[in-house]
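Asks: Here it is, the structure in full.
What follows is calculated from the coordinates using simple rules that are stated; it is not laboratory data. Being a predicted model, the structure only gives us computed values, none of them experimental. FYI the Cβ positions are ideal-geometry reconstructions off the backbone, even for glycines, and counts take in every protein chain you see.
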Amino acid sequence: MSKKYFTREEANELLPYVREELSFLQEAKRSFYKLYQQREQIKKQQPVHDKELFAVECRLEFMEMEAQMHITQLITKGIQVKDIDIGLFDFPALINGEEVLLCWREGESSITHYHGLHDGFSGRKQLD
């Protein structure tokens, strides 16, 4: 399978989808953490409530699989998920024949920066 490269316009068109997925993933992460904390409290109880613990662990496993499915859908479209907490995504692109990553961070209205494959967020450069 050939590698997917995005134009700036194509990547910008996907931003509503990326924002929606990011919102889901951030909320899923918060919910997972709360439920994980609940599981830890159940485990401290004496005696341990096995049925309750099992139900919580099943829910945690389902939440993890659901989040992974959303991440996989992004990756399948060629979008690189870099950081869910700060909302950082990259889109592979070619600029003057060089492979780069168009970079978008939550809060930005459109894609305005890129960086080299190994430069990371700190190496961002303004697009023309």
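Asks: Excluding residue 34 itself, what net charge comes from residues whose Cβ is under 13 Å from its Cβ, given Lys and Arg +1 and Asp and Glu -1? Intermediate results must be reported in sequence, preceding the final value.
Replies: Values: positive: 29, 30, 39, 59; negative: 27, 40.
Neighbourhood net charge equals +2.
Asks: Separate question: Test of understanding: ordering 84, 111 by Cβ neighbours within 10 Å, fewest first, what list do you get?
Replies: Arranged by neighbour count, lowest to highest, 84, 111 become 84, 111.
Asks: I need the GluC sites (Glu not before Pro) found in region 54-128, filtered to DSSP loop residues with at most 14 other beta carbons within 10 Å of theirs.
Replies: Working: sites: 57, 61, 64, 66, 98, 99, 106, 108; in loops: 106, 108.
Sparse-neighbourhood loop GluC sites (Glu not before Pro): 108.
Asks: Same structure again: Can you give me the Rg/Rh ratio for region 10-68, using Cα atoms for both radii and the Kirkwood formula for Rh? Provide the component values of the computation, followed by the final result.
Replies: On the way: Rg = 15.9 Å, Rh = 13.1 Å.
Across region 10-68, the Cα-based Rg/Rh ratio is 1.22.
Asks: Any of 29/77; 3/34; 34/125; 34/82; 4/125; 4/34 with alpha carbons more than 27 Å apart? Name them for me. Provide the component values of the computation, followed by the final result.
Replies: Working: 29/77 22 Å; 3/34 38 Å; 34/125 38 Å; 34/82 23 Å; 4/125 21 Å; 4/34 37 Å.
In this structure, 3/34; 34/125; 4/34 lie more than 27 Å apart at Cα.
Asks: Something else: Could you list which residues have their amide H under 5 Å from that of residue 95, counting only those 5 or more apart in sequence or on another chain, with H placed in the peptide plane?
Replies: For residue 95, the qualifying residues are 100.
Asks: Kirkwood Rh and Cα-based Rg: tell me the resulting Rg over Rh for region 8-117, rounded to two decimals. Don't jump to the answer; show the numbers that get you there.
Replies: Details: Rg = 18.5 Å, Rh = 15.9 Å.
Rg/Rh for region 8-117 comes to 1.16.
Asks: To make sure I understand, if each residue's beta carbon is the centre and we count other beta carbons within 10 Å, what order do 79, 71 fall in, fewest to most? Mind showing how you got there, number by number?
Replies: Working: 79 22, 71 15.
Fewest to most other Cβ atoms nearby, the residues stand as 71, 79.
Asks: Now a separate question. Read phi for every residue in region 17-31 and hand back ³J(HN,Hα) as whole Hz from Karplus 6.51 cos²θ - 1.76 cosθ + 1.60, θ = phi - 60°, with x for Gly and Pro.
Replies: Here the 3J(HN,Hα) series is 5, 4, 4, 5, 5, 4, 4, 4, 5, 5, 5, 4, 5, 4, 5 Hz.
Asks: For region 72-83, what does the Karplus curve 6.51 cos²θ - 1.76 cosθ + 1.60, with θ = phi - 60°, yield as ³J(HN,Hα) per residue in whole Hz, taken in order and with x for Gly and Pro?
Replies: Ordered by residue, 3J(HN,Hα) equals 4, 4, 4, 4, 4, 7, x, 8, 9, 8, 9, 7 Hz.
Asks: Let me have the 222 nm mean residue ellipticity of the chain computed from DSSP H runs of 4+ only, each contributing -39500 (n - 2.57), with the sum over all residues rounded to the nearest 500. Can you show the working numbers first?
Replies: Values: 2 runs with 64 residues, N = 128.
About -18000 deg cm²/dmol.
Asks: Find how much the distance from residue 37 to residue 122 grows on full extension, using 0.36 nm per residue of separation minus their present alpha carbon separation; answer in nm with one decimal.
Replies: Gain on extension, residue 37 to residue 122, equals 27.2 nm.
Asks: Run the quick spin-label model on residue 29 and residue 72: label points 7 Å from Cα toward the beta carbon, then report their separation in nm to one decimal.
Replies: 2.1
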